[in-house]
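Engineer: Take this structure first; my questions come after.
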Amino acid sequence: MRKKLGWLLSLVVLIGTMGAAGTAAQAATAAEPAAATETTAATDIKDQILAVPGMSLIEEKPYPGYRFFVLNYEQPVDHRAPWKGTFKQRLTLLHKDVSRPTVFFTSGYNVNTSPRRSEPTTIVDGNQVSMEYRFFTPSRPDPANWAKLDIWQAASDQHRVFTALKKIYKKNWLATGGSKGGMTATYFERFYPRDMDGVVAYVAPNDVVNKEDSAYDRFFAQVGTKECRDRLNAVQREALVRRVPLEAKYAAAAAENGWTFTTVGNLDKAYEAVVLDFVWAFWQYSLLADCSAVPAAATASDQEIWDTIDAISGFSAYSDQGLETYTPYYYQAGTQLGSPDIKQPHLGNLSRYGYQPPRNFVPRDIPMTFQSGAMRDVDTWVKHHANQMLFVYGQNDPWGAEPFHLGHGARDSYVMTAPGANHGANVAKLQDGEKALATAKILQWAGVAPAATLTGPAKAEPLAKPDAQLDQRDLQREPMLRP
């Protein structure tokens with residue numbers, strides 16, 4: 001699509017973007033979205049969407065000011081050999097107006113089938129297409145050839161969706177996502193750099209060399225305060241000291257809930273995996289202020305230790321039932337994405353297994369071979385070719401210990417860090433100057449920057465009004481290994 005020179009902001013040079021809408025743009029404009037009626041004088045938006053070859057409707061859900069569709073789109077199992085079979089991939093479409101820009105959102109996991117709006121969608125007051133990542137059920141080929149689950153195939157899924165819907169939504173497009181979704185948006189840009197007008201990648205890990213994880217060790221040695229670090233480490237250590245009574249609780253909980261441990265091997269390995277997640281998961285999901293709620297390990301009861309670990313790490317996480325949903329993620333972590341291996345010296349010889357590799361969390365009948373060059377390729381491309389990309393990290397988020405970096409070849413691209421923020425870092429949590437600049441860039445890349453931003457990015461504000469329901473984040477607990 002394009003990335004062409006645009007206008008100047010007073011403080012920085014902005015690179016503008018113009019959508020390659022073509023000459024056949026429809027003359028009729030969309031009706032007021034609050035009326036949720038037709039987008040052209042002749043054809044309802046639902047009919048336009050369903051006219052796309054391979055697109056089918058699962059359901060439409062009403063939402064004030066929008067049309068919201070849950071869809072299936074037929075995709076090749078292998079984009080290099082599309083004649084070898086297809087599968088149905090779930091999408092959602094939050095439609096506002098074809099005259100507005102469109103944000104392509106990916107979580108990197110299952111798609112939320114309730115109306116939701118990402119931060120860039122709110123900033124640009126646009127439409128949002130959300131895509132379920134291939135191999136997350138029900139978007140999984142049958143039979144599942146796991147060799148076709150890789151970052152290029154997933155990027156090609158996005159490319160096909162974009163190519164199909166760009167004919168309807170002709171204005172500028174931005175790609176976005178958080179965590180694995182931020183990684184997904186970055187990989188999409190790497191393989192199809194002409195599709196999007198900009199990328200906003202939140203808290204996206206960048207594990208370039210899988211066996212070199214010292215950055216994480218340095219992070220845990222300095223994050224927060226020493227008092228908080230010592231308190232967390234003591235609870236984690238105590239959970240291993242009290243392994244016998246706490247594993248008895250675990251066995252009882254497993255019997256009550258029907259948890260089994262075939263994939264990881266046994267209850268003991270699952271228990272230790274949950275405990276070793278504890279410190280990481282605290283910083284991923286909690287704030288420094290939450291440390292005061294962590295009990296003093298020396299005087300805590302077994303139940304207090306259990307409840308604290310369970311609330312942060314989740315004892316169901318490494319059961320077969322907890323792992324099943326995330327098999328595609330663990331497969332990718334063990335074949336391309338990489339995974340952390342931190343030392344945790346405060347545990348001494350209490351750990352029997354250490355940080356277990358992704359192979360332990362994927363059924364053994366699924367073969368896995370790690371491709372060491374995949375992340376290095378993406379990292380090199382971002383350093384030398386990033387164009388209109390914004391990476392946002394949280395200062396206290398472990399996954400930000402290995403971030404993306406920009407090199408001399410990057411253009412109009414930025415890495416920003418929200419002070420004190422965790423894995424939920426976003427533009428709104430940046431310091432004022434960076435928040436204004438990031439907002440101005442997103443508006444400008446989307447082609448909707450108000451004239452006021454020409455006098456300086458400090459005047460840049462989101463165009464859409466806040467909506468508590470649309471803007472809420474999915475509260476589903478992520479496994480620690482899930483970035």
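Engineer: Check Ala185, Ala147 and return the single one that is in a helix (DSSP H, G or I), open to solvent by 10 Å² or more (accessible area, probe 1.4 Å) and modelled with pLDDT of 95 or more. Can you show your working first?
Structural biologist: Numbers: Ala185 fails: open to solvent by 10 Å² or more (accessible area, probe 1.4 Å).
Sole residue among the options that is in a helix (DSSP H, G or I), open to solvent by 10 Å² or more (accessible area, probe 1.4 Å) and modelled with pLDDT of 95 or more: Ala147.
Engineer: Something else about it: I'd like the full set of residues that are open to solvent by 40 Å² or more (accessible area, probe 1.4 Å), part of a loop (DSSP other than H, G, I, E, B) and touching an Asp or Glu at 6+ places or on another chain (Cβ under 9 Å), limited to segment 73-112.
Structural biologist: Looking only at segment 73-112, we keep the residues that are open to solvent by 40 Å² or more (accessible area, probe 1.4 Å), and these are 74, 80, 82-84, 86, 88, 90, 99-100, 105, 110, 112.
Imposing the further condition that a residue be part of a loop (DSSP other than H, G, I, E, B) reduces the set to 80, 99-100, 110, 112.
If the condition is that a residue be open to solvent by 40 Å² or more (accessible area, probe 1.4 Å), part of a loop (DSSP other than H, G, I, E, B) and touching an Asp or Glu at 6+ places or on another chain (Cβ under 9 Å), then Arg100, Asn110, Asn112 are the ones that fit.
Engineer: Also: Cβ contacts < 8 Å: first residue within 13 Å of Thr106 (Cα to Cα), restricted to segment 154-172; second residue of a type in the set (Gly, Ala, Ser) and buried (at least 20 other Cβ atoms within 10 Å of the Cβ), any location; separation 6+ or different chain. Result?
Structural biologist: Gln158/Ala175
Engineer: Check Ala460, Ala451, Ala440 and return the single one that is aliphatic (A, V, I, L, M) and open to solvent by 50 Å² or more (accessible area, probe 1.4 Å). Don't jump to the end; show me each part of the working.
Structural biologist: Numbers: Ala460 fails: open to solvent by 50 Å² or more (accessible area, probe 1.4 Å); Ala440 fails: open to solvent by 50 Å² or more (accessible area, probe 1.4 Å).
Ala451 is the lone residue from the list that is aliphatic (A, V, I, L, M) and open to solvent by 50 Å² or more (accessible area, probe 1.4 Å).
Engineer: Tell me, yes or no, whether segment 401-413 has at least one residue that is of a type in the set (S, T, N, Q) and at pLDDT 95 or above. Working first, answer last.
Structural biologist: Residues of segment 401-413 of a type in the set (S, T, N, Q): 413.
Still in the running and at pLDDT 95 or above: 413.
The answer is yes; a qualifying residue exists.
Engineer: Scan the helices (runs of 4 or more DSSP H) fully inside segment 217-297 and keep the ones with 1 or more residues being at pLDDT 95 or above and within 25 Å of the chain's Cα centre (by Cα). I'd like the intermediate steps shown before the answer.
Structural biologist: Values: elements: 226-241, 243-257, 267-285.
It comes to 267-285.
Engineer: Is it the case that some residue within segment 319-326 is surrounded by fewer than 18 Cβ atoms within 10 Å (Cβ to Cβ), in contact with a Ser or Thr (Cβ under 7 Å, 6 or more places away or on another chain) and under 20 Å from Pro205 (Cβ atoms)?
Structural biologist: Scanning segment 319-326, I find no residue that is surrounded by fewer than 18 Cβ atoms within 10 Å (Cβ to Cβ), in contact with a Ser or Thr (Cβ under 7 Å, 6 or more places away or on another chain) and under 20 Å from Pro205 (Cβ atoms), so the answer is no.
Engineer: Which residue is least open to solvent (accessible area, probe 1.4 Å), if the candidates are limited to segment 220-251 and must be free of Cβ contacts under 8 Å to residues at least 60 places away in the same chain and among the small types (Gly, Ala, Ser)?
Structural biologist: Ranking the qualifying residues of segment 220-251, first place goes to Ala251.
Engineer: Please determine whether any residue of segment 52-59 is open to solvent by 20 Å² or more (accessible area, probe 1.4 Å) and closer than 29 Å to Ala440 by Cβ.
Structural biologist: No, every residue in segment 52-59 fails to be open to solvent by 20 Å² or more (accessible area, probe 1.4 Å) and closer than 29 Å to Ala440 by Cβ.
Engineer: Same structure, new question: Quick check on my filter: what residues within segment 369-391 are under 27 Å from Thr325 (Cα atoms) and open to solvent by less than 40 Å² (accessible area, probe 1.4 Å)?
Structural biologist: Ala374, Met375, Val378 - these are the residues of segment 369-391 that are under 27 Å from Thr325 (Cα atoms) and open to solvent by less than 40 Å² (accessible area, probe 1.4 Å).
Engineer: Look at Phe361 and say whether it is open to solvent by less than 10 Å² (accessible area, probe 1.4 Å) and touching a strand residue (DSSP E or B) at 6+ places or on another chain (Cβ under 8 Å).
Structural biologist: no
Engineer: So Lys211 passes all but one of these: (1) open to solvent by less than 10 Å² (accessible area, probe 1.4 Å); (2) in a loop (DSSP other than H, G, I, E, B). Which condition number does it fail?
Structural biologist: Unmet condition: (1).
Engineer: Can you spot a residue in segment 198-206 that is open to solvent by less than 30 Å² (accessible area, probe 1.4 Å), closer than 17 Å to His346 by Cβ, among the aliphatic types (A, V, I, L, M) and outside any strand (DSSP E or B)?
Structural biologist: The first filter runs over segment 198-206 and keeps only residues open to solvent by less than 30 Å² (accessible area, probe 1.4 Å), leaving 198-206.
Then keep just the ones that are closer than 17 Å to His346 by Cβ; that gives none.
The answer is no, given that none of the residues of segment 198-206 is open to solvent by less than 30 Å² (accessible area, probe 1.4 Å), closer than 17 Å to His346 by Cβ, among the aliphatic types (A, V, I, L, M) and outside any strand (DSSP E or B).
Engineer: Oh, and also: Among the listed residues Ser139, Ser130, Ser156, identify the single one that is out of contact with any helix residue (DSSP H, G or I) (no Cβ under 6 Å at 6 or more places or on another chain), assigned to a strand (DSSP E or B) and not β-branched (Val, Ile, Thr). I'd like the intermediate steps shown before the answer.
Structural biologist: Working: Ser139 fails: assigned to a strand (DSSP E or B); Ser156 fails: assigned to a strand (DSSP E or B).
That would be Ser130, the only listed residue that is out of contact with any helix residue (DSSP H, G or I) (no Cβ under 6 Å at 6 or more places or on another chain), assigned to a strand (DSSP E or B) and not β-branched (Val, Ile, Thr).
Engineer: Can you find even one residue in segment 14-34 that is within 20 Å of Val98 (Cα to Cα), at pLDDT 95 or above and not acidic (Asp, Glu)?
Structural biologist: no
Engineer: What pairs come up if the first residue lies in segment 403-431 and is under 19 Å from Leu287 (Cβ atoms) and in contact (Cβ under 8 Å) with a residue 40 or more places away in the chain, the second is small (Gly, Ala, Ser) and open to solvent by 50 Å² or more (accessible area, probe 1.4 Å), and their beta carbons are under 6 Å apart, counting only those six or more places apart or on different chains?
Structural biologist: none
Engineer: Might you check whether a residue that is touching a residue at least 24 places away in the same chain (Cβ under 8 Å), more than 21 Å from Trp445 (Cβ to Cβ) and either surrounded by fewer than 24 Cβ atoms within 10 Å (Cβ to Cβ) or among the small types (Gly, Ala, Ser) (or both) occurs anywhere in segment 117-133? Outline the logic, then answer.
Structural biologist: Here is the first cut: in segment 117-133, the ones touching a residue at least 24 places away in the same chain (Cβ under 8 Å) are 117-133.
When the remaining residues are screened for being more than 21 Å from Trp445 (Cβ to Cβ), the result is 132-133.
Then drop every residue that is not either surrounded by fewer than 24 Cβ atoms within 10 Å (Cβ to Cβ) or among the small types (Gly, Ala, Ser) (or both), which leaves none.
The answer is no, given that none of the residues of segment 117-133 is touching a residue at least 24 places away in the same chain (Cβ under 8 Å), more than 21 Å from Trp445 (Cβ to Cβ) and either surrounded by fewer than 24 Cβ atoms within 10 Å (Cβ to Cβ) or among the small types (Gly, Ala, Ser) (or both).
The values are calculated or read from the model by the stated rules, or taken from the named source; none is laboratory data. Bear in mind the structure is a predicted one, so any value in this text is a computation, not a measurement. Don't worry about glycine lacking a Cβ; one is built from the backbone with ideal geometry, like all the others, and counts go over all protein chains shown. Note: accessible area is taken over every heavy atom of the protein model, side chains too, but ligands, DNA and RNA are not part of it. Shrake-Rupley method; radii C 1.70, N 1.55, O 1.52, S 1.80 Å.
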